[in-house]
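A quick write-up on the structure given underneath.
All of the numbers you see were taken from the coordinates with simple rules; none came from a lab. From a predicted model like this one, the values you see are computed outputs, not experimental measurements. As a convention, Cβ positions derive from the backbone with ideal geometry for all residues, glycine included, and neighbour counts pool all protein chains shown.
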Amino acid sequence: MSAARRCCLLRALAGFFVWRLRNTGIPQIPCRFVHLHRVANDRLITFQYFNFLKRMLQQLDQEKKVVYKISPVSPVHQSWSETSSRNELREVKSAAETEDSVIPVGGESREDRRWKEMKVQLDDLPGILARLSKIKLTALVVSTASAGFAMAPVPFELTCFLFTSLGTGLASCAANSINQFFEVPFDSNMNRTKNRPLVRGQISPLLAVCFAASCGIPGIALLTLGVNSLTGALGAFNIFLYTCCYTPLKRMSIANTWVGAVVGAIPPIMGWTAATGSLDAGALLLGGILYSWQFPHFNALSWGLREEYSRGGYCMMSVTHPGLCRRVALHHCFALIGLSTVAPVLDITTWTFPIISLPINLYISYLGFRFYRDADRSSSRKLFFCSLWHLPMLLLVMFTCKKSVLEKEDKGDLRGGSHEMALEIRLP
Amino acid sequence: MAAARVLRPGGCRRPLLLSSASFSSSSSSSAASGGGSAAERGEQPDSAGLGFRPPAHSHSDWIGPPDKHSNLRPIIFYVPPEESALERRLREARQEAQASNQRFWARHNRAFRQEKEEFIYSRLKAKGLEMRDESGQKATLNAEEMAEFYKDFLTKNFKKHLQYNRDWYKRNFRITFLMGQVALVRALRWLRRRKKSVEQ
């Protein structure tokens, strides 16, 4: 259970529409976000996120203790009584309540209070819709899109930036809502996701679909008409990829992980195309960095969620191909080093970027190697937690090492003589 | 009996259990008898052994705590006094889906628990250990040993999950489409009523 929850947290961090882990307790959507543009905000959200993740992991630990406590069975073939068998994946505190539900006489008022009327309360609606759209994950996705926008080698335009962020955010809300709409019974069976609005009946499926349509259509329209058609097309494609490819594929084949990595890689590409209007090497490099990052992040997370994935019927590498899972994570840690080196070659950053980012890339590669060799819970946790701060830091370093547009235009004009100066913001 | 309940003014609650397969083993026997006697008494039928009866004045569905075995939340559907054919189709589709989901997940989770116990028992036996060690603590296997079981269980149930996914997606789309139709009909009815009252 906790694993699923942890997975969710990780997913949310990873990027757009990443819903890797479903079953284990940790929320499937790890939120991985990088704030580049507003450092203060970035730090605040990262800090909040870390606290959220810590809480989830603590619950994960608690649940892990429960998971392996099995009720005694003498001969295997004896049928066990209903009252003695419990769902060990439930939280411990609900144990007393479940016993009450079997015996209708006692604790009736307590049971009655757990029944809720299925009527939409307007006061609760904003909170419900925020949870339906996975607002934290959406915020992270918008952050990666902003990172892509910020790294583009063009003068900064505020209106374009706002349109991109808003459009990406709306598209993300739509995709997340549809995902929850598809996965109600599966979410009910995982600790991380069992308190979602559709699972709890706080909102009807019809309302969820209407909300998704009312976010997705204006979002894509905003991107297409307010920014450019390439960004709009990428946004629509990403919604489709997430809802119609990744979500069903999670239950069919391990290929879902690669599809999910692409889903996470597209938002920074969208940010870049929004700024420049074209899909060039820089966009693909940024997308590549997000793509590679997804693997150590998700694979490490999924390592602890194997029980929930197995029970829920999710096809994940960590369950079916554990060796591949660790190998892929390690290879993509190395790929991050390679991609960081390619950045100055493509004139996106200066050569200080691969040098400054080498320590953090080497560290995550080292943890990836430990995970590959040891294949245990502690190494997977270390790798996962490293991935949480690794991406924000990498993108931040990338931003500070960004090659100034002014410098590119006029090589002779050295402002302050520093090659690492960030792009000057020119107001329209 | 069912017709009498529907036509009674004030509507009635259609407990999930009565129109579908057993909801939970402990409540199935009480369901039918409880429903029948309630109808004869002219009262609202009990929620078929779920231990809860929604208040009489409420005109909406009620959702309960997660089921012990399936982790799904049961819903008691409200049957309005003038339920149209479309609304009845929607309610029945939802009841059927809920019953089917309940059956699947209760069985599946039970099988998982049971097979896990068997696996642990057989592994401990092979190692020469008992289910409980000297201090009385339950013996467990570590994560890597359990991973073998998880992989096996997932592969074994793969086809079952594919079939269930197909069913679930179909049902979900159908229910949502019916909800849309019902909402549209209700909205048009409301608009017509408003137009009439404005004209008057």
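Taking residues in region A:310-322 that are more than 16 Å from B:K160 (Cβ to Cβ) and more than 9 Å from chain B (Cβ to nearest Cβ), and partners anywhere that are part of a helix (DSSP H, G or I) and of a type in the set (S, T, Y), the pairs with Cβ atoms closer than 9 Å and at least 6 places apart or on different chains are A:M317/A:T257; A:M317/A:S302.
What number of residues within region A:363-404 satisfy the criterion of being in contact with a helix residue (DSSP H, G or I) (Cβ under 7 Å, 6 or more places away or on another chain), more than 23 Å from A:A152 (Cα to Cα) and assigned to a helix (DSSP H, G or I)?
Residues of region A:363-404 that are in contact with a helix residue (DSSP H, G or I) (Cβ under 7 Å, 6 or more places away or on another chain), as a first pass: A:363-365, A:367-372, A:375, A:377, A:379-380, A:382-384, A:386-388, A:390-395, A:397-399, A:401-402.
Now restrict to residues that are more than 23 Å from A:A152 (Cα to Cα): A:363-365, A:367-372, A:375, A:377, A:379-380, A:382-384, A:386-388.
Narrowing further to those that are assigned to a helix (DSSP H, G or I): A:363-365, A:367-372, A:377, A:379-380, A:382-384, A:386-388.
So the answer is 18.
For region B:147-165, residues that are in contact (Cβ under 8 Å) with a residue 24 or more places away in the chain and either touching a Gly at 6+ places or on another chain (Cβ under 9 Å) or facing another protein chain (nearest Cβ under 7 Å) (or both) total 4. Taking the stated definitions as given, is A:N256 of a type outside the set (V, I, T) and under 17 Å from the mean Cα position of the chain (by Cα)? Considered against the rule, which asks whether it is of a type outside the set (V, I, T) and under 17 Å from the mean Cα position of the chain (by Cα), A:N256 comes out as yes.
Taken together, the residues in region B:55-114 that are basic (K, R), facing another protein chain (nearest Cβ under 9 Å) and surrounded by 18 or more Cβ atoms within 10 Å (Cβ to Cβ) amount to 3.
When residues in region A:210-243 are screened for being touching a Gly at 6+ places or on another chain (Cβ under 8 Å), within 24 Å of A:E157 (Cβ to Cβ) and of a type outside the set (S, T, Y), 12 of them pass. Restricting region A:382-404 to residues that are among the aromatic types (F, W, Y) and closer than 17 Å to A:I364 by Cα, the residue that is surrounded by the fewest Cβ atoms within 10 Å (Cβ to Cβ) is A:W389.
Conditions tested, residue by residue: (1) closer than 19 Å to A:V262 by Cα; (2) more than 16 Å from the chain's Cα centre (by Cα); (3) crowded, with 23+ Cβ neighbours inside 10 Å; (4) away from chain B (no Cβ under 14 Å).
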position	(1), (2), (3), (4)
A:V154	no, yes, no, yes
A:E157	no, yes, no, yes
A:A175	yes, no, yes, yes
A:E183	no, yes, yes, no
A:N191	no, yes, yes, no
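Would you confirm whether any residue within region B:133-143 is within 16 Å of A:S310 (Cα to Cα), surrounded by 12 or more Cβ atoms within 10 Å (Cβ to Cβ) and either touching a residue at least 12 places away in the same chain (Cβ under 8 Å) or touching a Ser or Thr at 6+ places or on another chain (Cβ under 7 Å) (or both)? Scanning region B:133-143, I find no residue that is within 16 Å of A:S310 (Cα to Cα), surrounded by 12 or more Cβ atoms within 10 Å (Cβ to Cβ) and either touching a residue at least 12 places away in the same chain (Cβ under 8 Å) or touching a Ser or Thr at 6+ places or on another chain (Cβ under 7 Å) (or both), so the answer is no.
Considering every residue within region A:339-349, establish whether at least one is within 14 Å of chain B (Cβ to nearest Cβ), in a helix (DSSP H, G or I), touching a residue at least 24 places away in the same chain (Cβ under 8 Å) and more than 18 Å from B:E144 (Cα to Cα). No, because not a single residue in region A:339-349 is within 14 Å of chain B (Cβ to nearest Cβ), in a helix (DSSP H, G or I), touching a residue at least 24 places away in the same chain (Cβ under 8 Å) and more than 18 Å from B:E144 (Cα to Cα). Among the residues of region A:213-222, none qualifies, meaning not one is surrounded by fewer than 19 Cβ atoms within 10 Å (Cβ to Cβ), within 21 Å of A:D187 (Cα to Cα) and more than 17 Å from the chain's Cα centre (by Cα).
In region A:244-266, of all residues being touching a Gly at 6+ places or on another chain (Cβ under 6 Å) and assigned to a helix (DSSP H, G or I), the one that is farthest from A:S143 (Cα to Cα) corresponds to A:Y246.
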